[in-house]
Amino acid sequence: MRTVSADNRTIHVEIRQVPVFRPLAWLHLGWLDMRKHWAASLGHGALIMALGWTLLVICGTHPYFIAAAISGFLLVGPIMSAGLYEMSRRYSLGQSANFDDSLEGFARNTAGLFEFGVILAICAVVWFAISALLLGTVFHIPAPDMRETLYRGFLDTVNRSQVLAYITIGAVLATAVFAVSVIAVPLIIDRHTSASQGMRASVHAVLRNIPAMIVWSALILILIIIGYVVPLLAGLLLVTPLLGHATWYAYKDMIR
């Protein structure tokens, strides 16, 4: 049992341990939820796909911008999936859910979702400052020249050491974002917790279920890569709602 405190109340969150391959069941349950209302689920997928297009168009030429695009997608994705969590929440109660119903997910705890977004945005700003410092002091890599990379491709202006450095820094960022957000938004919506409560509970859930979380993070990575390699990011149309619905079941399994 974990106790998560806030200024106005204390939330008792029981974190359960799940089998290592339980994430496969989450994907199956998420797929079943998608089939209940294809149009609504794919509508949210289309919105997230549009976000991916926007980030690639704006940020696809400069290495630091690429890092910003990836982190921005990681930070905004869980919050944009609030409508999918609301649909699965309603299904679990035996209710129907169309696209309009799903939008109530953003209204169930607007303050908590806003706080979560602000915290992650601050973390992102701090992280970029730290990553710039790491590039210069640990990897001994100078920052790429903006004028060059705006007019030439990323791989034309960097060497293998720089690519490995960006991948390493990005992996650390992705791990941190995953740990604090894996079940934070469903908890915020379902139990009206604060963002800090949801993030702490999420970290505890990850630490309690490290083997299953390794499998879950690998599945997410594989599916997101598939979503990105399909032309025009069309794969995200299916991948993102599938992961959104599946995340609800991850939350229900790990948090009593």
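The values are calculated or read from the model by the stated rules, or taken from the named source; none is laboratory data. Computed from a predicted model, the values in this text were never measured in an experiment. When we count neighbours, we look across all protein chains shown, and the Cβ atoms used for this are built from the backbone with ideal geometry, even at glycine. Areas reflect the complete protein model, heavy atoms only, side chains present, ligands, DNA and RNA absent. Shrake-Rupley method; radii C 1.70, N 1.55, O 1.52, S 1.80 Å.
How about segment 1-24: which of its residues are at pLDDT 80 or above and either in contact with an Asp or Glu (Cβ under 7 Å, 6 or more places away or on another chain) or open to solvent by 30 Å² or more (accessible area, probe 1.4 Å) (or both)?
Glu14, Arg16, Gln17, Val18, Pro19, Val20, Phe21, Arg22, Leu24
Got a number for residues in segment 25-45 being open to solvent by 90 Å² or more (accessible area, probe 1.4 Å) and under 26 Å from Asn209 (Cβ atoms)?
Residues flagged as open to solvent by 90 Å² or more (accessible area, probe 1.4 Å) and under 26 Å from Asn209 (Cβ atoms) within segment 25-45 amount to 2.
Residues in segment 95-115 that are open to solvent by less than 70 Å² (accessible area, probe 1.4 Å), part of a loop (DSSP other than H, G, I, E, B) and either at positive phi or not small (Gly, Ala, Ser) (or both): how many?
Matching residues across segment 95-115 total 3.
Among the candidates Val206, Val215, Val177, Val185, which residue alone is within 17 Å of Val76 (Cα to Cα) and modelled with pLDDT of 90 or more?
Val185
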